[in-house]
Amino acid sequence: MKTQWLVTTILALAAGVAFARDASKDEGFILRAEAAICSAYESSDADVLRDDLDEHFTLTDSRGVVTSRDQEIAAVAKRDPVYLVFRNHDQKVRVYGDAAVVTGVTTTQGHSGGSTFEGDFAYTDTWIHLDGRWKLAASHASRLPAK
(Lines give C-alpha, C1' and ligand atoms only; values in the text may rest on other atoms or scores of the structure.)
Protein backbone atom coordinates (compact mmCIF):
# COMPACT_ATOMS: atom_id res chain seq x y z
CA MET A 1 0.00 0.00 0.00
CA LYS A 2 2.83 2.39 0.90
CA THR A 3 4.58 1.61 -2.38
CA GLN A 4 1.44 2.42 -4.37
CA TRP A 5 1.04 5.72 -2.49
CA LEU A 6 4.71 6.58 -3.13
CA VAL A 7 4.46 5.78 -6.85
CA THR A 8 1.23 7.81 -7.16
CA THR A 9 2.82 10.77 -5.35
CA ILE A 10 5.95 10.69 -7.52
CA LEU A 11 3.85 10.50 -10.70
CA ALA A 12 1.66 13.39 -9.55
CA LEU A 13 4.71 15.54 -8.76
CA ALA A 14 6.33 14.64 -12.07
CA ALA A 15 3.14 15.54 -13.95
CA GLY A 16 3.09 18.90 -12.19
CA VAL A 17 6.66 19.59 -13.23
CA ALA A 18 5.94 18.46 -16.79
CA PHE A 19 3.07 20.92 -17.11
CA ALA A 20 4.75 23.82 -15.33
CA ARG A 21 5.36 26.83 -17.54
CA ASP A 22 8.62 28.74 -17.70
CA ALA A 23 8.08 32.10 -15.92
CA SER A 24 10.71 33.87 -18.01
CA LYS A 25 8.98 32.69 -21.21
CA ASP A 26 5.66 33.87 -19.78
CA GLU A 27 7.20 37.28 -19.02
CA GLY A 28 8.53 37.53 -22.56
CA PHE A 29 5.17 36.57 -24.06
CA ILE A 30 3.32 39.09 -21.90
CA LEU A 31 5.72 41.91 -22.82
CA ARG A 32 5.33 41.08 -26.53
CA ALA A 33 1.54 40.99 -26.14
CA GLU A 34 1.60 44.36 -24.35
CA ALA A 35 3.65 45.82 -27.23
CA ALA A 36 1.15 44.37 -29.74
CA ILE A 37 -1.75 45.95 -27.85
CA CYS A 38 0.01 49.34 -27.87
CA SER A 39 0.61 48.98 -31.60
CA ALA A 40 -3.07 48.07 -32.08
CA TYR A 41 -4.10 51.38 -30.49
CA GLU A 42 -1.76 53.24 -32.87
CA SER A 43 -2.84 51.35 -36.00
CA SER A 44 -6.54 50.83 -35.15
CA ASP A 45 -6.19 47.04 -35.23
CA ALA A 46 -9.25 45.93 -33.27
CA ASP A 47 -8.50 42.25 -34.04
CA VAL A 48 -5.49 42.34 -31.71
CA LEU A 49 -7.73 43.50 -28.88
CA ARG A 50 -10.27 40.77 -29.69
CA ASP A 51 -7.47 38.20 -29.41
CA ASP A 52 -5.60 39.51 -26.36
CA LEU A 53 -8.30 40.96 -24.10
CA ASP A 54 -10.30 38.59 -21.90
CA GLU A 55 -14.02 38.69 -22.60
CA HIS A 56 -14.58 40.25 -19.16
CA PHE A 57 -11.77 42.82 -19.58
CA THR A 58 -12.19 46.23 -17.93
CA LEU A 59 -10.13 49.38 -18.23
CA THR A 60 -10.26 52.03 -15.53
CA ASP A 61 -8.87 55.16 -17.14
CA SER A 62 -7.16 58.14 -15.52
CA ARG A 63 -10.52 59.87 -14.95
CA GLY A 64 -12.01 56.83 -13.23
CA VAL A 65 -14.18 55.86 -16.22
CA VAL A 66 -14.53 52.09 -16.60
CA THR A 67 -14.87 50.60 -20.09
CA SER A 68 -15.36 47.04 -21.27
CA ARG A 69 -13.58 44.94 -23.86
CA ASP A 70 -16.32 45.66 -26.41
CA GLN A 71 -16.11 49.41 -25.78
CA GLU A 72 -12.32 49.39 -26.24
CA ILE A 73 -12.60 47.36 -29.45
CA ALA A 74 -15.23 49.77 -30.82
CA ALA A 75 -13.12 52.85 -29.96
CA VAL A 76 -10.04 51.39 -31.65
CA ALA A 77 -12.02 50.34 -34.73
CA LYS A 78 -13.46 53.84 -35.22
CA ARG A 79 -10.14 55.57 -34.35
CA ASP A 80 -11.55 57.70 -31.55
CA PRO A 81 -9.21 58.87 -30.22
CA VAL A 82 -6.42 58.72 -32.81
CA TYR A 83 -3.13 57.70 -31.22
CA LEU A 84 0.05 58.83 -32.92
CA VAL A 85 2.08 57.43 -30.02
CA PHE A 86 0.98 54.69 -27.60
CA ARG A 87 4.05 53.08 -26.03
CA ASN A 88 4.81 51.27 -22.80
CA HIS A 89 8.15 51.56 -21.01
CA ASP A 90 9.75 50.97 -17.61
CA GLN A 91 7.78 47.75 -17.30
CA LYS A 92 8.04 45.17 -14.55
CA VAL A 93 6.34 41.78 -14.87
CA ARG A 94 5.55 39.54 -11.92
CA VAL A 95 4.14 36.08 -12.69
CA TYR A 96 2.15 34.21 -10.03
CA GLY A 97 1.24 30.87 -11.60
CA ASP A 98 -1.77 31.53 -13.83
CA ALA A 99 -1.81 35.26 -13.08
CA ALA A 100 0.61 38.08 -13.79
CA VAL A 101 0.82 41.75 -12.92
CA VAL A 102 2.59 44.28 -15.13
CA THR A 103 3.40 47.80 -13.98
CA GLY A 104 4.93 50.51 -16.09
CA VAL A 105 4.40 53.80 -17.86
CA THR A 106 2.42 54.40 -21.05
CA THR A 107 3.30 57.46 -23.14
CA THR A 108 0.53 58.70 -25.43
CA GLN A 109 0.14 61.40 -28.02
CA GLY A 110 -2.74 61.96 -30.40
CA HIS A 111 -5.93 63.84 -31.09
CA SER A 112 -9.67 63.56 -30.53
CA GLY A 113 -12.53 65.88 -31.36
CA GLY A 114 -10.23 68.56 -32.75
CA SER A 115 -8.02 68.66 -29.66
CA THR A 116 -4.55 67.24 -29.27
CA PHE A 117 -3.33 65.41 -26.20
CA GLU A 118 -0.19 63.87 -24.79
CA GLY A 119 0.82 62.44 -21.47
CA ASP A 120 2.44 59.75 -19.42
CA PHE A 121 0.35 57.32 -17.41
CA ALA A 122 1.40 54.88 -14.72
CA TYR A 123 -0.45 51.65 -15.38
CA THR A 124 -1.13 48.28 -13.85
CA ASP A 125 -2.24 45.38 -16.05
CA THR A 126 -3.54 42.08 -14.72
CA TRP A 127 -3.08 39.04 -16.96
CA ILE A 128 -4.59 35.57 -16.58
CA HIS A 129 -3.54 32.29 -18.17
CA LEU A 130 -6.72 30.66 -19.43
CA ASP A 131 -7.36 27.87 -21.92
CA GLY A 132 -3.67 27.60 -22.74
CA ARG A 133 -2.91 31.28 -23.35
CA TRP A 134 -2.43 34.63 -21.62
CA LYS A 135 -5.27 37.20 -21.73
CA LEU A 136 -5.35 40.75 -20.39
CA ALA A 137 -8.12 40.80 -17.75
CA ALA A 138 -7.93 44.32 -16.33
CA SER A 139 -6.01 47.55 -16.70
CA HIS A 140 -5.80 50.75 -14.67
CA ALA A 141 -4.08 53.99 -15.66
CA SER A 142 -3.22 57.09 -13.61
CA ARG A 143 -1.97 60.30 -15.22
CA LEU A 144 1.53 61.29 -14.15
CA PRO A 145 2.34 64.96 -13.53
CA ALA A 146 3.76 66.77 -16.57
CA LYS A 147 7.55 67.02 -16.53
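The values are calculated or read from the model by the stated rules, or taken from the named source; none is laboratory data. Keep in mind it's a predicted model, so treat the numbers as computed, not measured. We place every Cβ from the backbone using ideal geometry, glycine too, and count neighbours over all the protein chains shown. The protein model used for the area step is the full one, side chains on, heavy atoms only, and it has no ligands, DNA or RNA in it. Shrake-Rupley method; radii C 1.70, N 1.55, O 1.52, S 1.80 Å.
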Residue among T107, T103 that alone is free of Cβ contacts under 8 Å to residues at least 24 places away in the same chain and under 25 Å from R21 (Cβ atoms): T103
Subset of the stretch 47-94 [in a helix (DSSP H, G or I) and surrounded by fewer than 17 Cβ atoms within 10 Å (Cβ to Cβ)]: D47, R50, D51, D70, Q71, A74, A77
Residue match in the stretch 92-109 (condition: more than 18 Å from the chain's Cα centre (by Cα) and of a type outside the set (S, T, Y)): yes
Of all residues making up the stretch 95-147, the number that are among the hydroxyl-bearing types (S, T, Y), in contact with a Gly (Cβ under 8 Å, 6 or more places away or on another chain) and open to solvent by 60 Å² or more (accessible area, probe 1.4 Å): 1
